[in-house]
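Beneath this line is the structure, given in structure tokens, with notes to follow.
The values are calculated or read from the model by the stated rules, or taken from the named source; none is laboratory data. Keep in mind that this is a model prediction, so the values were computed, not measured. Positions of Cβ are backbone-derived with ideal geometry, glycine not excepted, and every protein chain shown enters the neighbour counts.
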Amino acid sequence: MESCDAALPNTLIGLLLRPSSLPHPSAASCPRRFLRDYASRATNALLWVCLISVTSLLCRRLARLVRLWVQGSRIPGPPSNPFLARSKLIPGCGSLGSLTGYLAELHEKYGPIVRLWLSPTQLLVSVKDTMLIKEVLIKAEDKLPLTGRAFHLAFGRSSLFVSSFEKVQKRRESLAEYMNGRIAVRANIIPSEIVECVMGRVDTIMAKGILDCVSVSQQLAFYILGNTLFGDAFLDWPEASIYEKLLITIAKDGCFWASYTIPPFWSREYWKYKHMCKRLRHLTQDIIQHCVDRNDLLSKIGHSSYKDNKDIGDEARFNDSVLLGNMPSGVLLQEEMAEYLNSKEELCGNILGLMFHGCLATSSLISSILTRLALHPELQQKLYAEIIAVQEKTCKLDSDDVQKMNLLMATVYESARLLPAGPLLQRCSLEHDIYLCSGINVPAGAIMVVPLQLVQMDSYVWGQDAGHFNPLRFLSEATDHIGTHKKYEDFEKSAFLGEPKRKAAFLPFGYGTRACIGEKFATLGISTLIASLLQNYEIKLQPGSENDPKPIMSDCLLQLLPSPKVVFAKRSK
Ligand code: HEM
């Protein structure tokens, strides 16, 4: 009789199962027993395979962690042990009581690049030197996984706001191409209807009384972005104000909920948050539908082939949107249609991500500018004169005109310098170490940050008055050779300063592979809006509040506190 052993298949599993000695005599005589034996050996083998893979994964992780510890300890920084890191960070926050304050002290002591252990697995590397910053922002292409998780939790799947550069690269390129193309063909980035609508809202709010700088800026930003992404349909969309409130509420809590590695299913608050996110996504689908009904969207975010494809379904038209990827013009194929339906969630995630980031960043810059204007009436006067001088030569202000207004552009830049959208630019390299020219090696997985406040207010780069608001520093003839400002005179003839060191230290929109795509759009759009506002209104502090404490920058949250109450006084024409 043939042995059972001979019956084992001639495969790897057969090899693993082949007994070292002769088969058990009873195995040959009992096929059922043999099968049981076979199954248990197969299970054993499978468990071994699992064990080996998990062990090798853990070993790889451990090796990576050891590399992080070893290489991290070679970067200059306080002599702390990764295991004691977090407990030391809080009391060590220094006199300024914030991470930026602490980093300032560390840079003073250890030089332009310092490391800090946030936890045994989290190494933070802060870079302050302008040349190193450029190198880091070009070489490190990924963003922190936490950022991607927060966007995903709040807005669903997105191909624009994820950690890996590989995943966002294509969408970044198509969006940037579209935005820049749009600026090139349309001089009026903010169409006159939106300016009129925004002015109408300002009038309505003014009729009720005094304006809070932050909330009015939020509304302005929301309408500009909404109109850009959704078209004119956004202006008469009845759910717009609910949408705005939900977006802001969700944005505030996003990072908190995303910081849980395992979602806290047991928490009612978490489910409330998820419910709000769902509502927001439904509203986004609603506004998309509203745009489709009004045939509006593609004139804003798609490209021209929409008009040639009137016979395709409403939903298919969205396939043409840059937020999903440009489809070749012509008839849509079945698979493309199916692909589109799968991508619906992605479109929603991309739109919500853009609305969230764009609104928050734009409103913070508008609010900062309005505050400066209310606090500096002499600057406002000069700006008004500049606007009128340009306007006399043209009937309607557009972005081409605005670019001729040097003092206005300088005011926007200076406000962005003093109040960047966030305290830190963050990057990481998920897979590869980053070798810097200075000989420092930043291990893969380390969190790299650029403390924007320190860089944009560095007196070595910006002069002794670095902490003061002075738009003239961006204009050549209004600034003397040591960088201090003259009066607001002769600024009309001034050119923008192009000094490289300053440029490298001016990063409100980031730099390098993951820099902001909306930079040009935001600066020109905001300047056009401010020009239109100043044409019609004078911005004043609320009467009686002149002697109140002046707004100062809150170091942690990066906003001006308290938000001043302002009045928009209509100009007599
Ligand atoms: C005043 C307004 C704005 C400010 C201050 C601002 C600032 C920033 C900053 C600092 C970053 C990170 C850059 C980096 O890490 O190097 C960023 C990223 C980004 N911004 Fe903006 N932004 C503004 C408006 C907008 C607008 C209007 C849009 C588009 C509609 C936009 C689209 C993006 C996108 C898509 C990214 C992500 C890039 C990526 O992760 O690859 N931004 N922005």
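Side notes on the structure shown:
- Complete set of residues in region 516-554 that are within 16 Å of the ligand (Cβ to nearest atom) and either more than 19 Å from E414 (Cα to Cα) or modelled with pLDDT under 85 (or both): I517, M553
- Qualifying residue in region 487-504 (condition: within 16 Å of the ligand (Cβ to nearest atom), modelled with pLDDT of 90 or more and more than 29 Å from V390 (Cα to Cα)): no
- Any hit, region 425-439, residues being in a helix (DSSP H, G or I) and free of Cβ contacts under 8 Å to residues at least 12 places away in the same chain: no
- Matching entry among L436, L430 (being under 15 Å from R514 (Cα atoms) and away from the ligand (no atom under 12 Å from the Cβ)): L430
- Tally of residues being in contact with a helix residue (DSSP H, G or I) (Cβ under 6 Å, 6 or more places away or on another chain) and either within 14 Å of F256 (Cα to Cα) or assigned to a helix (DSSP H, G or I) (or both) across region 147-164: 6
Okay, residues lined up against (1) at pLDDT 90 or above; (2) surrounded by fewer than 21 Cβ atoms within 10 Å (Cβ to Cβ); (3) of a type in the set (A, V, I, L, M, F, W, C):
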{"position": "N326", "(1), (2), (3)": "no, yes, no"}
{"position": "L332", "(1), (2), (3)": "no, yes, yes"}
{"position": "G353", "(1), (2), (3)": "no, no, no"}
{"position": "T362", "(1), (2), (3)": "yes, no, no"}
{"position": "A374", "(1), (2), (3)": "yes, no, yes"}
{"position": "A389", "(1), (2), (3)": "no, yes, yes"}
{"position": "D398", "(1), (2), (3)": "no, yes, no"}
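- Boolean, E378 is surrounded by fewer than 19 Cβ atoms within 10 Å (Cβ to Cβ) and either away from the ligand (no atom under 16 Å from the Cβ) or among the hydroxyl-bearing types (S, T, Y) (or both): yes
- The residue that is surrounded by the most Cβ atoms within 10 Å (Cβ to Cβ), among those in region 151-195 that are at pLDDT 75 or above and closer than 29 Å to Q535 by Cβ, is M179.
- Test for V202: is it of a type in the set (V, I, T) and modelled with pLDDT under 75: yes
- Selection over region 218-246 of residues that are more than 16 Å from the ligand (Cβ to nearest atom) and outside any helix (DSSP H, G or I) gives a count of 3.
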